[in-house]
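Q: Mind looking over this structure? Questions follow.
FYI, it's all coordinate maths here, none of it is from the lab. Since this is a predicted model, take the numbers as computed values, not measurements. Heads up, the Cβs are rebuilt from the backbone with ideal geometry, glycines too, and the neighbour counts pull from every protein chain shown.
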Amino acid sequence: MKVVLLAGGFGTRISEESQFKPKPMVELGGMPILLHIMKLYSHHSFNEFVICAGYKQHVIKEYFADYFLHTSDITYDFTHGKNEMTVHHNTSEPWKVTVVDTGLNTMTGGRVKRVKEYIGSEPFMLTYGDGVSNLNITELAKFHQSHGKMVTLSAYNAGQRFGVLDVDSGGRIREFREKTQGDGSLINIGFMVCQPEFIDLIEDDSTVLEKVPLETAAKMGQLMAYKHTGFWQCMDTVREKEQLEKLWASGQAPWKVWDN
């Protein structure tokens with residue numbers, strides 16, 4: 001199952017960093033937050049990624065073009081008038097990464113539609129490129145396979161800042177909508193599993209994933225919630241980045257489930 005990562009937005013709320021690079025490439029603990037997310041999936045044996053790039057997409061492409069070198073010890077030998085390179089102790093993951101320029105101003109749904117040819121006709125994972133979690137991807141995939149619906153998204157109790165999910169006792173999402181003043185707790189944190197036909201609910205580049213596609217899936221009874229009770233945190237602001245950096249520096253980052 002391929003993992004589609006939304007990494008094309010402007011990241012205006014963390015503009016101190018995103019003026020130079022896409023928000024998913026802002027570093028956390030010395031590496032882009034995008035890699036933290038990819039390492040989570042890889043820990044659960046999902047190693048094929050399709051990255052929906054847009055704003056400063058060349059930064060993502062250049063990073064992965066040099067990724068093999070980033071994760072190796074290298075000897076450059078010029079002693080015989082040649083440029084010889086020897087690679088030692090490479091630690092790169094067994095990843096296949098496709099980076100797609102999905103447009104500068106394309107909305108989240110439109111970005112997914114633009115990578116349809118790279119997804120194929122199989123179910124796929126889908127998430128945002130700016131949030132870290134210790135969510136159990138293996139159990140998420142099993143839950144999605146168990147209910148046979150079109151989409152599973154991960155639900156988390158994070159207060160009233162984000163859109164609201166109305167979930168019944170069996171896990172079916174009855175309504176997906178933006179928050180109001182009196183709303184409760186469960187929010188969409190991404191980490192979705194989608195059947196390929198979900199892409200047909202996306203009209204064009206102007207389609208916001210969280211609007212018509214997910215709202216329509218909910219009305220069809222085809223949207224399910226996987227409830228996550230562990231750790232999750234997005235990195236929308238400098239303050240949130242600093243909080244995550246402190247956790248990483250402490251050696252107790254909850255989302256680091258992979259080995260060194």
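Q: Using Cα-Cα distances under 8 Å and only pairs 6 or more residues apart, what relative contact order does region 2-249 have, in percent?
A: Values: 470 pairs, mean separation 57.9, N = 248.
Taking the mean separation of contacting Cα pairs over the length of region 2-249, I get 23 percent.
Q: Rounding to the nearest 10 and keeping the result within 0 to 90°, find how far the Cα-based axis of helix 238-249 lies from the longest principal axis of the chain.
A: With both axes taken from Cα atoms, the answer is about 60 degrees.
Q: Is the C-alpha gyration tensor of region 65-209 telling us rounded, prolate or oblate? Criteria: a/c under 1.5 is rounded; beyond that, a/b larger than b/c is prolate, otherwise oblate.
A: Numbers: a/c = 2.44, a/b = 2.15, b/c = 1.13.
Prolate.
Q: What length, rounded to one decimal in nm, is gained on full extension from Thr237 through to Leu69, with 0.36 nm per residue of separation minus their alpha-carbon distance? Provide the component values of the computation, followed by the final result.
A: On the way: separation 168, 0.36 × 168 = 60.48 nm, distance 3.04 nm.
Extra length available between Thr237 and Leu69 comes to 57.4 nm.
Q: Taking 25 Å as R0, compute the FRET efficiency from the Cβ-Cβ separation of Thr229 and Ala249 and round it to 0.05. Before the final figure, lay out the partial values.
A: Numbers: r = 25 Å, r/R0 = 1.01.
Step by step, r from the Cβ atoms, then E = 0.50.
Q: While we're here: Which of Ala65, Trp248, Gln145 sits farthest toward the positive end of the charge dipole of the chain, with +1 on the Cβ of Lys and Arg and -1 on the Cβ of Asp and Glu?
A: Gln145
Q: Let me ask something additional. Between beta-carbons, use under 10 Å as the cut-off and find the net charge around Gly8, counting Lys and Arg +1, Asp and Glu -1.
A: For residues surrounding Gly8, the net value is +3.
Q: While we're looking at this one, here's another question. Among the lysines, select those whose C-alpha is under 16 Å from the C-alpha of Lys2, and discard any that sit fewer than 8 residues away in the same chain.
A: Within the straight-line limit of under 16 Å, Lys2 reaches these lysines: Lys39, Lys96, Lys113, Lys116, Lys142.
Q: May I pose another question? Could you compute the net charge surrounding Trp248? Neighbours are other residues with a C-beta less than 14 Å from the C-beta of Trp248; K and R count +1, D and E count -1. The partial results should precede the final answer.
A: Details: positive: Lys39, Lys241, Lys246, Lys256; negative: Glu27, Glu240, Glu242, Glu245.
With Lys, Arg at +1 and Asp, Glu at -1, the neighbours total 0.
Q: Another one. For region 77-224, what does the relative contact order come out to in percent, with C-alpha contacts under 8 Å and a separation of six or more?
A: Numbers: 209 pairs, mean separation 47.1, N = 148.
Once divided by the residue count of region 77-224, the mean separation gives 32 percent.
Q: Taking region 184-260, which GluC sites (Glu not before Pro) meet the DSSP loop condition and have no more than 12 other C-beta atoms within 10 Å?
A: For GluC sites (Glu not before Pro) across region 184-260 that sit outside H, G, I, E and B with at most 12 neighbouring Cβ atoms in 10 Å, the list reads Glu203.
Q: Here's a follow-up. Please get the size of the charge dipole for the chain, origin at its Cα centre, with Cβ charges of +1 on Lys and Arg and -1 on Asp and Glu, quoted in debye to the nearest 20.
A: Details: 27 positive and 32 negative charges, 94 e Å.
So the magnitude is around 460 debye.
Q: What is the sum of charges, Lys and Arg at +1 and Asp and Glu at -1, for the other residues whose Cβ falls under 13 Å from the Cβ of Gly109?
A: Working: positive: Arg111, Lys113, Arg114, Lys116, Lys211; negative: Asp200, Glu203, Asp204, Asp205, Glu210, Glu215.
Spelling it out: positives minus negatives among the neighbours equals -1.
Q: Further, regarding this structure: Mind checking which aspartates and glutamates have their C-alpha under 14 Å from Lys246, skipping anything on the same chain fewer than 8 residues away?
A: Glu27
Q: Based on the alpha-carbon gyration tensor of region 64-132 and its eigenvalue square roots a ≥ b ≥ c, which shape applies: rounded if a/c is under 1.5, prolate if not and a/b is larger than b/c, or oblate? Present the calculation step by step, with values, prior to reporting the outcome.
A: On the way: a/c = 3.07, a/b = 2.61, b/c = 1.18.
Cα axes put region 64-132 in the prolate bin.
Q: Would you mind computing, in nm to one decimal, how far apart the modelled labels at Ser206 and Asp101 are, each placed 7 Å from Cα along Cα→Cβ?
A: 2.4 nm
Q: Can you spot the lysines whose alpha carbon is less than 19 Å from Lys56's alpha carbon? Ignore those fewer than 8 places along the same chain.
A: Lys56 reaches Lys21, Lys23.
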